[in-house]
1. Quick one: ranking 273, 63 by accessible area, 1.4 Å probe, largest first, what do you get?
2. Calculated FRET efficiency, residue 263 and residue 340, Cβ-Cβ r, R0 30 Å, to nearest 0.05?
3. Would you mind checking the pairs 77/184; 24/157; 93/332; 136/344; 24/52; 136/157 and listing those with alpha carbons more than 24 angstrom apart?
4. Longest segment of the chain with no GluC sites (Glu not before Pro) in a DSSP loop having at most 13 other Cβ atoms within 10 Å?
5. Counting only the heavy atoms of the protein chains, how much of residue 326 is accessible to a 1.4 Å probe, in Å² to the nearest 10?
6. With unit charges on the beta carbons (Lys and Arg positive, Asp and Glu negative) and the dipole taken about the Cα centre of the chain, which residue among 353, 7, 173 sits farthest to the positive side?
7. So what's the back-of-envelope 222 nm ellipticity for the chain, counting only DSSP H runs of four-plus at -39500 (n - 2.57) apiece and dividing by all residues, rounded to 500?
8. Whole angstrom only: what separates the Cα centroid of the range 275-308 from the Cα centroid of the range 326-352?
Amino acid sequence: MKIGFLTSGGDCQGLNAALRGVAKTLFGAVPYVEIYGIHDGYAGLINCNWRKMEQHEFSGILREGGTILGTSRQPFKTIRNSDDNKDSKSPDKLTTMVRNYHRECFDALVILGGNGTHKTAHALSQSGINLVTLPKTIDNDLFGTDYSFGFDSAVSKAAYVLDTLHSTAASHGRIFVCELMGRKAGWVALHAGLAGGADVILLPEIPYSLDSVLEVIEKRNHSGKNFSIIAIAEGAIKKELVGHNRGERKAGDVSPGMQLVRDLEERLNQDVRLTIPGHFQRGGEPTPHDRVFCSRLGAMAGELVLQRQFGNMVALQGNTIGAVPLSEVAGKLRTIPLDNELLKQARLLGISLGD
């Protein structure tokens, strides 16, 4: 068997642990298996940038962050365009990837990535490529699985930031706005906000009212708690802006966190500060939970390859690791349902969601 591995999209904790899980399963089950590492995501498949990997290269990477294969973003909306480095008459990127797959005589691909990665993987699968995918995104917004790997590690990092803000906020009587990752889904902000003791959690799924946020702060001040911690997802939006363009921010645009800081400063006679941990949330070692989760996903992915059950994503549903057809995953976003129990429980704990 000749299998190609690639990691695509943003990096996160657990990619190496998942690669290790697949490799150990394949090497342990098949006498003659060759694994090729495809470098820098789909770009490597387009540019024939890969190399044969030895078994020892998958040792010692269980706790290593990032990805030993490198990664890049290859937007799904451009895969029908010709290669950027070639003239317009050259084949489009999807056709080039399919051609290179067959020229190299790969038996299958194992692809690790998030939403955009899975849309491209589905297109490749429909083009006749044998492949299995694993759900990677810290945003936890990939449809078809209860959790994606990298999420637990990102929440751990974000909660740590919120934890450390408490002492300085209390010491100076400040309001801290902490902008966390999550442009379209607020899973990181919700979980980290609960774990980090935030007083207000603002999510893309629940447009917020500035007056509601101010009410929480004023109530805390009157009760003798002269500081507040606000966790805001980078995709959070004020109620009055609902229906306006919520696409990618342009250069120079103010982030939701900074806008909230400015709004609060106009209405309060209190020091308001912004903290944006940014890619800190993606970096470092995976948590023990993610290491176990990635190992389980990797083992199942290896089993699907061996059983030639292609066109599937490995997923966690309930307590079971299984396979979900890519047709049920690609192009679908997993946001927080408004009847989610965590939202109800956050309100019971006295946390404001800004509505």
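1. Values: 273 95, 63 130 Å².
I get 63, 273, largest accessible area first.
2. On the way: r = 27 Å, r/R0 = 0.89.
Step by step, r from the Cβ atoms, then E = 0.65.
3. Numbers: 77/184 18 Å; 24/157 28 Å; 93/332 22 Å; 136/344 27 Å; 24/52 15 Å; 136/157 17 Å.
Distance filter (> 24 Å) returns 24/157; 136/344.
4. Working: sites that count: 54, 248.
With GluC sites (Glu not before Pro) excluded where exposed in loops, the chain gives 55-247 as its longest stretch.
5. The value for residue 326 is about 0 Å².
6. Checked the options; the winner is 7.
7. -11000 deg cm²/dmol
8. Centre-to-centre distance over Cα atoms comes out at 21 Å.
The values are calculated or read from the model by the stated rules, or taken from the named source; none is laboratory data. Just so we're clear, the structure is a prediction, and the values are computed from it rather than from any experiment. Cβ sites come from the backbone with ideal geometry, for glycine too, and all protein chains shown count toward neighbours. To get the accessible areas, we keep the full protein, side chains included, count just its heavy atoms, and leave off ligands, DNA and RNA. Shrake-Rupley method; radii C 1.70, N 1.55, O 1.52, S 1.80 Å.
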